[in-house]
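Rule-based calculations on the coordinates, nothing more; no lab input. The model shown is predicted, which means the values in this text are computed figures rather than measured ones. All Cβ positions, glycine included, derive from the backbone under ideal geometry; neighbour counts span all protein chains shown.
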Amino acid sequence: MSVASAIYENVTGALSLVFAIVVLSRVLLWLRAHAHRPAAATGDTELAGLLDTLVTHRTHRLAAIVAEDGRPLRTAFVDASPDDRFEIGSLSKVVTGLVIADGIDRGELSLDTRLDALVDDVAPTLADITVAQLVTHTSGLPRLPSTTAMTLRVLAHGLFLTNPYARITAQRVLTDAARSRRGRVGESSYSNLGASVAGISVAAAQGVSYAELVQDRLFTPIGMVDTSALSHGTRAPRGWHGGRRAARWSMDGYAPAGGVVSTPADIARLAQALVDRSAPGIDTSVEPVGRGRGIFWILDSHGGAWHNGETGGYSGFLTLEVAPVRRVIVVLADSVPAEEQQRIAEKIGDALSVR
């Protein structure tokens with residue numbers, strides 16, 4: 001046997017072994033995930049009964065919240081409690097939208113306000129972007145920065161479930177945004193980068209950080225005492241991605257897009273405030289702005305609105321219904337994908353509508 005043939009056989013054998021190990025590990029993870037059986041639901045009797053029929057092997061910890069006009073607030077839980085912490089992912093955009101709408105109501109800005117009126121020395125490539133473009137994802141900014149560093153972060157997350165947003169400052173977000181604007185204004189492109197720029201910029205105009213702005217304008221007024229957008233705040237436990245534990249997602253610069261950590265008790269307070277319209281900015285935030293969107297809300301054909309959220313190991317869904325009654329349904333879970341929590345929330349809504 002030649003040296004070349006020996007090397008080829010050794011390399012081929014090694015690659016085959018690696019492939020077999022990868023396949024075996026995936027099979028074991030699949031078996032682990034599907035062997036899991038969620039605990040029986042507790043809480044409101046009707047809501048808990050619905051959860052017992054709706055949750056699947058993907059469910060570990062889960063909270064369901066229903067706030068309805070004229071009825072008491074209701075909650076139910078699967079292996080969770082009102083004070084457990086959950087990463088709420090892109091439901092943070094609803095939070096950001098409310099404080100932006102509140103700023104509009106206060107006369108501090110408008111949908112037509114440009115970034116150069118909010119941020120000192122903003123980069124020329126960002127100067128003409130308006131608030132309306134940011135909150136409807138039509139600013140020309142991509143989902144994430146088109147930088148080598150972010151590409152590597154996303155790749156690492158895909159392989160090892162790491163946090164791709166760790167230790168990225170607000171200034172870095174603005175710098176990356178200035179380098180990444182490629183699309184044409186008016187083209188719809190869902191953008192975590194754009195949402196972060198929006199929250200950072202509105203806060204900068206008030207001389208505070210985003211975390212300080214949402215604390216002062218939203219969390220404190222409606223009593224969300226255990227909710228924070230601080231990257232160094234108390235974190236949620238590690239969530240689940242399939243059969244694997246995912247890294248916690250603490251954020252700084254990307255907090256307006258997905259960095260809020262909350263509890264079912266606090267999200268229930270938010271849900272009730274959305275129902276009784278005591279949440280700052282609620283009416284303005286759900287007014288149509290463009291392309292079926294309010295201020296970060298996705299509007300439905302019945303006058304309602306919704307948003308979902310997902311981190312490496314958490315997901316959630318929030319829907320605001322306005323007919324035949326005003327109602328908010330929220331499902332939070334320490335597992336992905338968000339489509340699972342959306343399915344549960346929609347089934348809860350269907351069941352409550354025919355009672």
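What nm distance separates the two modelled labels at Arg143 and Arg106, each placed 7 Å from Cα along Cα→Cβ?
For Arg143 paired with Arg106, the spin-label model returns 3.4 nm.
Only helices at least 30 Å long along their axis, Cα-based, and averaging -0.5 or more on Kyte-Doolittle count here, so list those DSSP H runs from the chain.
In the chain, the long hydrophobic H runs are 3-35.
Whole-Å semi-axes of segment 118-237's equivalent ellipsoid, largest first, each the root of 5 times a Cα gyration tensor eigenvalue?
Whole-Å semi-axes of the equivalent ellipsoid: 24, 21, 13.
What number, rounded to the nearest 500 deg cm²/dmol, is the helix-based mean residue ellipticity at 222 nm of the chain, given -39500 (n - 2.57) per DSSP H run of at least four residues and division by all its residues?
-12500 deg cm²/dmol
In the Gaussian network model of the chain, springs joining C-alpha atoms below 10 Å, which of Thr148, Thr169, Thr56 carries the largest mean-square fluctuation?
Thr148
Please report the relative contact order for the chain, taking Cα pairs under 8 Å with a sequence separation of at least 6, and give it as a percent rounded to a whole number.
Averaging sequence separation for qualifying contacts and normalising by length gives 24 percent for the chain.
With the crude spin-label approximation of a point 7 Å out along Cα→Cβ, what separation in nm comes out for Arg167 versus Arg184?
Result: 4.1 nm between the two label points.
Which order do the peptides 245-251, 86-92 take when ranked by the mean count of other beta-carbon atoms within 10 Å per residue, highest first?
The most tightly packed comes first, giving 86-92, 245-251.
Over the chain, what is the percentage of antiparallel beta bridges among all DSSP beta bridges, to the nearest 5?
Antiparallel: roughly 95 percent of the beta bridges in the chain.
Quickly work out the Asp83-to-Asp128 label distance, labels modelled 7 Å from Cα along the C-beta direction, and quote it in nm with one decimal.
If labels sit at Asp128 and Asp83, their model points lie 5.4 nm apart.
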